[in-house]
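Student: Questions regarding the structure given below will be posed in turn.
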Amino acid sequence: MKEDFLKYQAQTSPYPLAMEVSYAKGSYIFDTNGKKYLDFVAGVSACSLGHQHPRVNQAIKDQLDKYSHVMVYGEYAHHPAVEFCKLLAENMPEPLNKTYLVNSGTEATEGALKLARRVTGRSHLVSCHNAYHGNTMGSMSVMGFEERKQVFRPLLPDVDFITFNNEEDIQKITTKTAGVILESIQGGAGFIQPENGFLRKIKERCDEVGALLIIDEIQPGFGRTGKLFGFENYEVVPDIVIMGKGMGGGMPVGAFTSKAEYMDLLSNNPKLGHITTFGGHPVIAAACLATLREVTETNLIPQTLVKEKLFRELLVHPLIQEIRGKGLMLAAMVETPEITNEVIFKCQDKGLILFWLLFEGRAIRITPPLTISEEEIKEGCKIILEALDEVMKDNNKD
């Protein structure tokens, strides 16, 4: 299978891990040789309830028995999509009460950027250095990492970048700005949290000049940081929220939410201002509804903070400089990217899945399912510490 994978399926990097997956269950993935791997990555924060969660699986099966795709988005009313958007509105602060469902986080970013321009009639966009909001052309235009963008230029014009947590840069948001797009916690940059009320100060500046604040919750959202959405930790209510990843319990989905007055602009002048064939797909929406019900009806969200504390207590080692992030969106920071690589590969050999961050080579990603148990956390952290000991021993030999 690996040979065919490399031959027939387009790759995203020259050296993919190429694990041959047999099946996955709970917090574990099994390869075709029967080897068991504890999953500390959760599909890059997407499998929020672990693998094969019974509530999500049953919702998918039940919907498949009724109907799958029947009509393009926004024309017919589908029970799971309507119920999901309604429940989401009930769990979001006012005036965030209307949601457009799409197929991925990057599509949600595209829709949010268009909405900001439609509402304000302006073109100027502001993003952050080392930001990541997706990989389509509009989303790439607000990616703050030139190395990944340069060969695809020209991209969207009229985009400026500020530095996350730099208050002096806030003045770059002007009366020409349509929207400011920020992650509530910077992901690819190294799981960096806002400081000193940075998000709130950005919102105040947006209100002052008539721009919209777009908060990207694709990775922090759906309970990963101890709140349903990351922005709730930082005393701010954005104008538009982007989401994806964990909202579908492992199924491909994205969405953007704003107040009805804004969202209704996408349906008129011009009509079909934003459109998708498969957005709001009934089977995917059923998975989203089951996931949202599970995280809001259980103690999974507050438990992320308890589990974060356990990770911080256990992951103490001379090679770990700090643990960044919040809840179950954590990164163990080491001195060099080389150490990161060694630890990730050694842990995979030992049966633990870790991963990298996009732009910060010194970070070891730790984003397990919200359902991970304390015993599984202890098991995984023991493997990480063993790998770090081996790396330190090898480096001392050198």
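Student: Could you grab me the full set of residues in segment 158-189 that are in contact (Cβ under 8 Å) with a residue 24 or more places away in the chain, of a type outside the set (G, A, S) and assigned to a loop (DSSP other than H, G, I, E, B)?
Tutor: D158, T163, F164, N165, I173, T174, T175, K176, I185
Student: What helices (runs of 4 or more DSSP H) lie completely within segment 28-118 and have 2 or more residues being open to solvent by 70 Å² or more (accessible area, probe 1.4 Å) and without any contact (Cβ under 8 Å) to a residue 12 or more places away in the chain? So that I can check it myself, show each step before the final result.
Tutor: Values: elements: 42-45, 54-64, 79-90.
Where helices (runs of 4 or more DSSP H) fall fully within segment 28-118 and carry at least 2 residues being open to solvent by 70 Å² or more (accessible area, probe 1.4 Å) and without any contact (Cβ under 8 Å) to a residue 12 or more places away in the chain, they are 54-64, 79-90.
Student: I need the full set of residues from segment 119-152 which are in a helix (DSSP H, G or I), out of contact with any helix residue (DSSP H, G or I) (no Cβ under 9 Å at 6 or more places or on another chain) and open to solvent by 60 Å² or more (accessible area, probe 1.4 Å), in order please. Can you show your working first?
Tutor: So in segment 119-152, the residues in a helix (DSSP H, G or I) come out as 119-120, 137-141, 146-152.
Retained after the next criterion (residues that are out of contact with any helix residue (DSSP H, G or I) (no Cβ under 9 Å at 6 or more places or on another chain)): 120, 146-147, 150-151.
Result: E146, E147, Q150, V151.
Student: Tell me which residues, restricted to segment 266-297, are hydrophobic (A, V, I, L, M, F, W, C) and outside any helix (DSSP H, G or I).
Tutor: In the first step, residues of segment 266-297 are kept if they are hydrophobic (A, V, I, L, M, F, W, C); the result is 266, 272, 275, 278, 283-290, 292, 295.
Correct list: L272, I275, F278.
Student: To continue, here is another question. Hey, could you check segment 207-221 for residues that are open to solvent by 10 Å² or more (accessible area, probe 1.4 Å) and not hydrophobic (A, V, I, L, M, F, W, C) and say which is farthest from G248 (Cα to Cα)?
Tutor: E208
Student: Scan segment 190-206 for residues that are open to solvent by 10 Å² or more (accessible area, probe 1.4 Å), of a type outside the set (D, E, K, R) and assigned to a loop (DSSP other than H, G, I, E, B) and jot them down.
Tutor: Listed by number, the residues that qualify are Q193, P194, N196, G197.
Yes or no, residue by residue, for (1) surrounded by fewer than 21 Cβ atoms within 10 Å (Cβ to Cβ); (2) over 23 Å from the mean Cα position of the chain (by Cα); (3) among the β-branched types (V, I, T):
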{"position": "L310", "(1), (2), (3)": "yes, no, no"}
{"position": "L328", "(1), (2), (3)": "no, no, no"}
{"position": "P337", "(1), (2), (3)": "yes, no, no"}
{"position": "D349", "(1), (2), (3)": "yes, yes, no"}
{"position": "I377", "(1), (2), (3)": "no, no, yes"}
{"position": "L385", "(1), (2), (3)": "yes, yes, no"}
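Student: Quickly run through segment 229-265 and pick out the residues that are touching a Lys or Arg at 6+ places or on another chain (Cβ under 7 Å) and either open to solvent by 30 Å² or more (accessible area, probe 1.4 Å) or part of a helix (DSSP H, G or I) (or both).
Tutor: Scanning segment 229-265 gives N233, Y234, E235, G246, K259, A260, M263, L265.
Student: Hey, any hits in segment 246-261 for a residue that's among the hydrophobic types (A, V, I, L, M, F, W, C) and closer than 21 Å to Q193 by Cβ?
Tutor: No - not one qualifying residue is present in segment 246-261.
Student: I would also like to ask the following. I'd like to know if segment 357-367 contains one or more residues that are assigned to a loop (DSSP other than H, G, I, E, B), among the polar types (S, T, N, Q) and open to solvent by 20 Å² or more (accessible area, probe 1.4 Å).
Tutor: For segment 357-367, residues assigned to a loop (DSSP other than H, G, I, E, B), among the polar types (S, T, N, Q) and open to solvent by 20 Å² or more (accessible area, probe 1.4 Å): absent.
Student: Further, regarding this structure: Residue by residue through segment 301-332, note down the ones that are touching a residue at least 40 places away in the same chain (Cβ under 8 Å) and among the acidic types (D, E).
Tutor: Result: E308, single match.
Student: Still on this structure, please answer the following. Let me confirm something: among L182, L155, which residue is open to solvent by less than 10 Å² (accessible area, probe 1.4 Å) and among the hydrophobic types (A, V, I, L, M, F, W, C)?
Tutor: Step by step, each of L182, L155 is checked, and only L182 is open to solvent by less than 10 Å² (accessible area, probe 1.4 Å) and among the hydrophobic types (A, V, I, L, M, F, W, C).
The values are calculated or read from the model by the stated rules, or taken from the named source; none is laboratory data. Please read all numbers here as calculations on a predicted model, not as lab measurements. Note that we place each Cβ from the backbone using ideal geometry, even for glycine, and neighbour counts take in every protein chain shown. In case anyone asks, the SASA skips ligands and DNA or RNA and just uses the protein heavy atoms, side chains included. Shrake-Rupley method; radii C 1.70, N 1.55, O 1.52, S 1.80 Å.
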